[in-house]
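**Student:** Please see the structure below; I have some questions.
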Amino acid sequence: LPLVSLQQAGKCYGKGAGKVQALQEVTAGIWPGEFIALCGPSGSGKSTLLNLVGGIDYPTSGEVWLMGRNLRLLSDRETARLRAQSVGFVFQFFNLLPVLSVYDNIYYPLMLNGYSRKLADEQVMAMIERVGLINHYRRPPGELSGGQQQRVAIARALVKRPALVVADEPTGNLDMRTGEEIIELLLEMNAQSDTTLVISTHSPQLRASARRILEIEDGKLKDD
Ligand code: ADP
Ligand code: ADP
């Protein structure tokens, strides 16, 4: 079964004269273990599509099925629970909580899923080690470099072992070399676990590494 199934999914922002058709009739399935690059020019609808894929937003036409559930038939609360269990997110500007330590940023999603600190500790520390931040886990994210902050975000996305990780331009705010290291890390994470990754990108390296590329243009899926 696909983790995500989009059936002629569309997304319209606003109404009347200010209406924007950001996405039109996208049909695609995302399968366990895939590593997918989502490519397209700025404004083509990549973030909008990722928000549908990850259940952050609802389509205004067509259907999105996430983990076998039709998002249209779920309440906001049920969708939030489904996301908390099954989807991790990585963003261009990291979106870490500045007042929490690296450790607590990574613990946070497990806390939301009801894990005590004690129960979560082994999993959190293992993740910190995997992303190479063992010497920094007591610090707040603001004291780390951009690349290190993105490692924290990746650890946070993966710590609950989600079926799906959605990354929206994860290298967009990093220099070329640091971005390449982050892509290496994401590829490693995909290879070592069953986690499916969907990543929007302008990075040629990521394009070259991906086993599947979705090309989007003017809100339409041009190539799969
Ligand atoms: P990309 O990620 O490829 O840059 P987006 O999905 O962010 O593209 O945007 C697609 C289109 O939808 C653009 O025209 C953008 O201006 C518009 N858009 C995105 N988010 C909103 C929003 N919240 N309200 C109105 N228009 C939006
Ligand atoms: P060490 O880092 O030398 O193993 P510490 O006393 O710093 O020893 O940490 C012991 C354990 O406490 C760590 O392995 C970690 O699991 C946990 N820990 C450290 N910092 C935090 C924190 N901010 N919140 C929760 N647990 C923490």
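The values are calculated or read from the model by the stated rules, or taken from the named source; none is laboratory data. All values reported here derive from a predicted model rather than from experimental measurement. No Cβ is skipped: glycine too gets one built from the backbone with ideal geometry, and neighbour counts run over all protein chains shown. Heads up: the accessible areas ignore ligands, DNA and RNA and are worked out on the full protein's heavy atoms, side chains in. Shrake-Rupley method; radii C 1.70, N 1.55, O 1.52, S 1.80 Å.
**Student:** Suppose we keep just the DSSP beta bridges with both residues in the chain; what percent of those would be antiparallel, to 5?
**Tutor:** Percentage antiparallel, nearest 5: 50.
**Student:** Using a 1.4 Å probe on the protein heavy atoms, what percent of the accessible area of the stretch 61-167 belongs to carbon and sulfur?
**Tutor:** 51 percent
**Student:** Please calculate how many Å² of accessible area the chain carries per residue, with a 1.4 Å probe and no DNA, RNA or ligand atoms counted.
**Tutor:** Computed with neighbouring chains in place, this is 49 Å² per residue.
**Student:** For the chain, what D do you get in µm² per second when you plug the Kirkwood radius from alpha-carbon pairs into Stokes-Einstein at 4 °C and 1.567 mPa s?
**Tutor:** Rounded to a whole number, D works out at 73 µm²/s.
**Student:** Between beta-carbons, use under 11 Å as the cut-off and find the net charge around residue 185, counting Lys and Arg +1, Asp and Glu -1.
**Tutor:** -2
**Student:** Taking the simple approach of a point 7 Å from Cα along Cα-to-Cβ for both residue 97 and residue 61, what is their distance in nm?
**Tutor:** 4.0 nm
**Student:** How much net charge surrounds residue 67 when only other residues with a Cβ under 12 Å from its Cβ are counted (Lys, Arg +1; Asp, Glu -1)?
**Tutor:** After counting each charged neighbour, the total is +2.
**Student:** While we're here: Taking only Cα atoms, what is the 0 to 90° angle, nearest 10, from helix 102-112's long axis to the longest principal axis of the chain?
**Tutor:** With both axes taken from Cα atoms, the answer is about 60 degrees.
**Student:** In debye, nearest 20, what is the charge dipole magnitude of the stretch 1-96 about its Cα centre with +1 on Lys and Arg Cβ and -1 on Asp and Glu Cβ, if you could check?
**Tutor:** Rounded to the nearest 20 debye, it is 220 debye.
**Student:** Oh, and also: Can you give the direction-averaged projected area of the convex hull of the alpha-carbon atoms in the stretch 1-76, in nm²?
**Tutor:** 5.5 nm²
**Student:** Further question: Please list, ordered by chain and number, the residues whose modelled amide H lies under 5 Å from the amide H of residue 40; skip anything fewer than 5 residues away on the same chain.
**Tutor:** Sorted by chain and number, the residues that satisfy this are 201, 216.
**Student:** Using the alpha-carbon centroid of each, what span in Å lies between the stretch 166-209 and the stretch 68-132?
**Tutor:** Taking the Cα centre of the stretch 68-132 as reference, the centre of the stretch 166-209 is 19 Å away.
**Student:** If you don't mind, another one. Stokes-Einstein D for the stretch 125-224 at 37 °C, 0.692 mPa s, Kirkwood Rh over Cα pairs, in µm²/s?
**Tutor:** 227 µm²/s
**Student:** Determine how large the accessible area of residue 181 is when every protein chain is in place; take a 1.4 Å probe and give Å² rounded to the nearest 10.
**Tutor:** 70 Å²
**Student:** Too long at a 27 Å Cα-Cα cut-off: which of 19/222; 15/220; 46/118; 160/222; 15/46?
**Tutor:** Over 27 Å Cα-Cα: 46/118; 160/222.
**Student:** I would also like to ask the following. How much net charge surrounds residue 162 when only other residues with a Cβ under 12 Å from its Cβ are counted (Lys, Arg +1; Asp, Glu -1)?
**Tutor:** Residues close to residue 162 contribute a combined charge of +3.
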